[in-house]
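Enquirer: Before we start, here is the structure in question, set down as C-alpha cells.
The values are calculated or read from the model by the stated rules, or taken from the named source; none is laboratory data. Remember, it's a predicted structure, so these values are computed and weren't measured experimentally. Cβ placement follows ideal geometry from the backbone for every residue including glycine, while neighbour counts extend to all protein chains displayed. To get the accessible areas, we keep the full protein, side chains included, count just its heavy atoms, and leave off ligands, DNA and RNA. Shrake-Rupley method; radii C 1.70, N 1.55, O 1.52, S 1.80 Å.
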Amino acid sequence: MQLKTQFFFFCCICSFPYSFYAAENNEVSALLAIKVGLIDPLNSLHDWKDADVDPDRAHCNWTGVKCSSAGAVERLDISRMNLSGSVSNMIQSLKSLTFLNLCCNGFESSLLKNITNLASLKSLDVSQNFFTGEFPGLGKAASELVTLNASSNNFSGFLPEDLGNISSLEILDLRGSYFEGSIPKSFSNLSKLKFLGLFGNNLTGKIPVEIGKLSSLESMIIGYNEFEGGIPKEFGNLTKLEYLDLAEGNFGGEIPDELGKLKLLNTVFLYKNSFEGKIPPTIGNMTSLVLLDLSDNMLSGNIPAEISQLKNLQLLNFMRNKLSGPVPAGLGDLHQLEVLELWNNSLSGPLPSDLGKNSSLQWLDVSSSSLSGEIPETLCTNGNLTKLILFNNAFKGPIPTSLSKCPSLVRVRIQNNLLSGTIPVGFGTLEKLQRLELANNSLTGGIPDDIASSTSLSFIDFSRNKLHSSIPSTAISIPNLQTFMVSENNLEGDIPDQFQNCPSLGVLDLSSNFFSCIIPASIALCQKLVKLSLQNNQLTGGIPKAITSMPTLSILDLSNNSLTGQIPDSFGMSPALETFNVSYNKRRSCSRKRHAKSVKSKRSCGKRGPMWWFLSSMWKNLSIFIKARKLTWKERNCRMDSWTIINLSHWSCCFGRQIYIHEMVHGRIMLPRKILWR
C-alpha cells in the first residue's frame with residue numbers, strides 16, 4: 001500500500017511540468033488567435049509571434065500582456081492602438097485574466113458573450129469604441145468585477161438587470177450609448193458602488209427611489225436622458241455623494257429640500273430641465289459646493305440669501321429662469337467666486353457694491369434682467385475679469401474708470417442701459433480687449449483717442465448715444481477691427497481717410513451723424529467690407545467709382561445726404577451688391593430743354609428712362625433696390641431676372657414714354673408717384 005502511494009505522488013510530480021507547459025501553451029495560442037482576429041494598422045502587436053514556449057515565458061513580455069509570478073496571463077491592455085476587427089472567442093481561455101482593457105479603438109462588432117466566462121475579471125474597459133447590440137449579462141460569472149466601463153459605444157437595448165447582482169462593483173460607467181428603458185431597481189443592491197454613469201442614453205421612466213440606498217455612491221452622472229418625474233427625496237440619503245449631474249434629463253417638479261443634507265457635494269448640475277418652484281434655502285447647507293448650475297429651468301422666486309454661505313463656490317449659474325427680487329448682497333463675500341451668470345431673469349435692484357472685491361471674478365453675466373443702480377467699481381479689483389456682460393438692464397451712472405484699467409478684459413458688453421458720462425480713457429490700451437459694446441446709453445463727450453491705438457479690438461459699437469466731436473483719425477485702422485458702429489450720435493467733421501489699413505473690417509456704420517465731407521475713395525481698400533452705412537449725414541460730392549469694385553460689399557446705404565453727380569456705371573459689375581440705397585440726395589432738375597440736351601448727349605434722361613439702362617447691368621446679383629432717385633445714370637441693357645423689389649418712389653426725373661423691363665420674373669415694381677411722360 002505504501003508503495004502505491006509513493007508511486008501516485010511520483011506520477012503527480014512528474015506530470016506537473018507537462019500540465020503547466022500545456023496551460024501556458026494554451027494561453028499563447030489564445031493570444032495568437034486574438035491577434036489573428038484584429039486589424040492592426042499600426043503594427044502595435046508586432047512582437048506577438050508564434051514561438052516555442054521556453055522557460056523565459058516570452059509571451060509575458062509581449063505588448064500589453066502581463067503575467068502573474070506563476071506565468072499565467074493576468075492583464076491584457078491593448079487600448080489606444082487603433083485596432084479594429086473582432087475579439088476571438090479564445091479570450092475565454094485566459095482563465096486568470098483579472099484586467100482587460102480594449103479602450104479607445106475602433107471595434108464595431110457586438111461584445112462577445114463569452115467574456116462572461118472570465119470569472120477572475122476585476123476590471124473590464126471597452127469604452128470609446130463602436131460596439132453594437134445588447135450589452136451581455138455578466139451575472140455571477142463576474143462576481144469579482146470591481147470596474148465596468150463600457151462608455152462611448154453604440155450599445156442598445158435595456159440595461160442588464162443582472163448587473164445588480166455584482167455586489168463587488170464600484171464603478172459602473174455606461175454613458176454615451178443607446179440604452180433604453182428604465183434604470184433597473186436591482187441596481188440598489190450595488191452597496192459598494194461609488195460611480196454611476198448613465199449619461200447620454202435614451203433612458204426613460206422615473207428614477208427608482210431605491211437608488212437612495214446606494215450609501216457608498218460618490219458620483220452620479222445620469223443626465224441627457226428622457227426620464228420622467230423629479231428627483232427622489234431619497235437622494236438625501238446619499239451622504240457620501242460628491243458629484244451630481246442630472247443635466248438635460250427631462251426632470252421636473254421642485255428641487256427637494258433633502259439635497260441640503262449632502263454636505264460633501266462639490267458639484268451640482270441640474271441645468272436644462274423643467275424644475276420649477278423656488279430654489280430651496282437648504283442649498284446653503286451644502287458647504288462643500290464648488291460648482292452650482294441650475295440654469296435653463298423654470299425656477300421662480302428670490303435667490304436665497306443662504307447662497308452666501310457657500311464659501312467654496314467658484315461657479316454660480318442661474319441663467320434663463322424666472323427668478324425675481326434682488327441679487328443677494330452676500331455674493332460679494334464669496335471669495336472663491338469666479339463665474340456668476342444670472343442673465344435672462346427678472347432680477348431687480350443693484351449688484352452687490354463689493355462684488356469682485358474679495359474674489360477672483362472672471363466672468364459676470366447678468367444681462368437681460370431689470371437690474372439698476374451703478375456698476376460696482378470693484379468688479380476687477382484683482383485683475384481677473386475677462387467678460388463683463390450687463391446689457392439690457394437699467395444700470396445708470398458713469399462707466400467705472402476701473403474697467404478701462406482692467407488688463408484681463410476680453411469682452412465689455414454694457415449696451416442698452418441708462419449709463420451717462422463719458423467713455424473712460426484707457427480701453428484702447430487693454431491688450432486683450434476684443435469687444436467694446438456701449439450702444440444705446442446716454443454717453444456724452446468724444447471717442448477717446450486711445451481707442452485708435454488698440455491692437456486687439458475687433459468689435460466696437462458706440463451707436464445711439466450722445467457722443468460728439470470727430471472720430472479719431474486712425475480709429476478705422478485698428479488691425480483686427482471687423483465691426484465699427486457709431487450711428488445715431490452727434491459726430492461731425494470728416495470721415496477718417498485711413499482705410500488703407502483695414503484688412504478685417506466687415507461692417508462700417510457711421511449713419512445718422514453730422515459728417516460733412518466727401519466719401520473717401522480709400523474706403524474701397526477695405527476688401528472684406530460687407531456693409532457700408534453712411535446714410536443721414538451731410539456728405540457731399542460724388543460716389544467714388546472705386547466702391548463699385550469692392551468684392552464683398554453687399555449693403556450700401558448712402559441715402560439722405562447731399563451727394564451729386566452720376567452713379568458710376570460700373571456699379572452694375574459689383575460682384576456681391578444686394579441692397580443699394582441712394583434716395584434723398586441732391587435733385588437734378590429735368591426741364592424740357594435740359595431733357596432734350598441730355599438725349600442728344602448722354603441720354604441721361606432719354607427716351608427709355610435713364611435709370612432702367614443703369615439697373616440692367618446689375619441684374620446678376622442685385623436683389624433689392626430701395627427708393628433710388630436724384631442721381632443720373634448712363635445707359636445699359638435692362639435685364640433684371642433676379643430682382644425682388646424696385647422702388648422708384650420719390651424719383652423726380654423724367655421718363656420716356658416707353659420703359660422696357662425684360663426678364664423680371666420674381667419681383668415687384670413700385671413706380672414713382674408722378675411720372676412725366678413725354
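Enquirer: Given the protein chains as shown and a 1.4 Å probe, how many square angstrom of Val87 are accessible, to the nearest 10?
Expert: 20 Å²
Enquirer: Continuing with this model, one more query. Considering the Cα positions of region 255-405, please state its Rg to one decimal place and its Dmax as a whole number of Å.
Expert: Answer for region 255-405, Rg first and Dmax second: 14.7, 45 Å.
Enquirer: Pull out a ≥ b ≥ c, the square roots of the eigenvalues of the alpha-carbon gyration tensor of region 285-325, then state rounded if a/c is under 1.5, prolate if not and a/b is larger than b/c, and oblate in the remaining case. Walk me through the numbers before you get to the answer.
Expert: Values: a/c = 2.78, a/b = 1.59, b/c = 1.75.
Oblate.
Enquirer: In the full protein assembly as shown, how much of Trp363 is accessible to a 1.4 Å probe, in Å² to the nearest 10?
Expert: Approximately 80 Å² for this residue.
Enquirer: What are the residues whose amide H is under 5 Å from the amide H of Ile255, where those residues sit 5 or more places off or on another chain and H is modelled from the backbone?
Expert: Distant-sequence amide H within range of Ile255: Glu276.
Enquirer: For the pair Ala521/Thr63, report the inter-label distance in nm, with labels modelled 7 Å from Cα in the Cβ direction.
Expert: Label-label distance for Ala521 and Thr63, simple model: 6.8 nm.
Enquirer: May I ask you to derive the FRET efficiency for Asn25 and Lys122 from their Cβ-Cβ distance with R0 = 25 Å, giving the value to the nearest 0.05? Before the final figure, lay out the partial values.
Expert: Details: r = 25 Å, r/R0 = 1.01.
Rounded to the nearest 0.05, the efficiency is 0.50.
Enquirer: How many percent of all Cα-Cα pairs in region 338-440 sit more than 16 Å apart?
Expert: Details: 2717 of 5253 pairs.
I get 52 percent for the Cα pairs in region 338-440 exceeding 16 Å.
Enquirer: Here's something else I'd like to know. Long-range amide H contacts for Glu134: which residues qualify at under 5 Å (H placed 1.01 Å from N, peptide plane, sequence gap of 5 or more or a different chain)?
Expert: It is Ser156, by chain and number.
Enquirer: Tell me, what ³J(HN,Hα) does each residue in region 153-167 have, in order and in whole Hz, if you take phi through Karplus 6.51 cos²θ - 1.76 cosθ + 1.60 with θ = phi - 60° and put x for Gly and Pro?
Expert: 9, 10, 4, 9, x, 8, 5, x, 5, 6, 4, x, 8, 8, 5
Enquirer: For region 408-424, just list the computed ³J(HN,Hα) in residue order, Karplus coefficients 6.51, -1.76 and 1.60, θ = phi - 60°, integers in Hz, with x standing in for Gly and Pro.
Expert: 8, 4, 10, 10, 10, 10, 10, 6, 6, 9, 10, 5, 10, x, 9, 6, x
Enquirer: What nm value, rounded to one decimal, do you get for the distance between Thr422 and Ser156 when each label is placed 7 Å out toward the C-beta?
Expert: Placing both labels 7 Å beyond Cα along the Cβ direction yields 6.9 nm.
Enquirer: Computed over the Cα atoms of region 419-568, what is the ratio Rg over Rh, Rh following Kirkwood? Walk me through the numbers before you get to the answer.
Expert: On the way: Rg = 14.6 Å, Rh = 15.4 Å.
Dividing the radius of gyration by the Kirkwood radius yields 0.95.
Enquirer: Please tell me the relative contact order of region 282-437 in percent, rounded to the nearest whole number, where contacts are Cα pairs under 8 Å and at least six residues apart. Spell out each step's value before the answer.
Expert: Working: 436 pairs, mean separation 23.2, N = 156.
Computed value for region 282-437: 15 percent relative contact order.
Enquirer: Further, regarding this structure: Determine the relative contact order of region 371-468: mean sequence separation of Cα pairs under 8 Å and six or more apart, normalised by residue count, in whole percent.
Expert: For region 371-468, the relative contact order is 24 percent.
Enquirer: Which aspartates and glutamates have a Cα less than 20 Å from the Cα of Lys405, not counting those fewer than 8 places away in the same chain?
Expert: Glu338, Asp354, Asp365, Glu374, Glu377, Glu431, Glu437, Asp449, Asp450, Asp461
Enquirer: Read phi for every residue in region 563-572 and hand back ³J(HN,Hα) as whole Hz from Karplus 6.51 cos²θ - 1.76 cosθ + 1.60, θ = phi - 60°, with x for Gly and Pro.
Expert: 6, 9, x, 9, 6, x, 5, 6, 4, x
Enquirer: In the neighborhood of Val425, defined by Cβ-to-Cβ distances under 13 Å, what is the net charge if each Lys or Arg adds +1 and each Asp or Glu adds -1? Don't skip to the answer; put the middle values down first.
Expert: Numbers: positive: Lys405; negative: Asp449, Asp450.
With Lys, Arg at +1 and Asp, Glu at -1, the neighbours total -1.
Enquirer: Name the aspartates and glutamates eligible as straight-distance cross-link partners of Lys233: C-alpha to C-alpha under 12 Å, and not fewer than 8 places from it in the same chain.
Expert: In chain and number order, the partners are Glu210, Glu254, Asp257, Glu258.
Enquirer: Could you check the simple spin-label distance between Gln500 and Asn202, using points 7 Å along Cα→Cβ, in nm with one decimal?
Expert: Distance between the two pseudo-spin positions: 6.4 nm.
Enquirer: I've got another one for you. Leu83's amide H: which non-local residues (gap 5+, or another chain) put their own amide H closer than 5 Å, with H modeled 1.01 Å from N in plane and none for Pro or chain starts?
Expert: For Leu83, whose amide H was placed from the backbone, the distant partners under 5 Å are Gly106.
Enquirer: A further question on this structure: Ignoring everything but the protein chains, give the 1.4 Å probe accessible area of Tyr271 in square angstrom, nearest 10.
Expert: Counting only protein heavy atoms, Tyr271 exposes about 50 Å² to solvent.
Enquirer: Compute the Kirkwood hydrodynamic radius of region 327-366, taking the inverse of the mean of 1/r over all pairs of distinct Cα atoms, and give it in Å to one decimal.
Expert: Numbers: mean 1/r = 0.0963 Å⁻¹.
By the Kirkwood definition, the hydrodynamic radius is 10.4 Å.
Enquirer: Given a Förster distance of 60 Å, report the FRET efficiency between Ser348 and Asp449 from their Cβ-Cβ distance, rounded to the nearest 0.05.
Expert: Details: r = 38 Å, r/R0 = 0.63.
E between Ser348 and Asp449, to the nearest 0.05, is 0.95.
Enquirer: Are there any GluC sites (Glu not before Pro) in region 335-443 that are in a DSSP loop and have at most 13 other Cβ atoms within 10 Å? List them by number. Don't skip to the answer; put the middle values down first.
Expert: Details: sites: Glu338, Glu341, Glu374, Glu377, Glu431, Glu437; in loops: Glu338, Glu374, Glu377, Glu431.
Filter output for region 335-443: Glu431.
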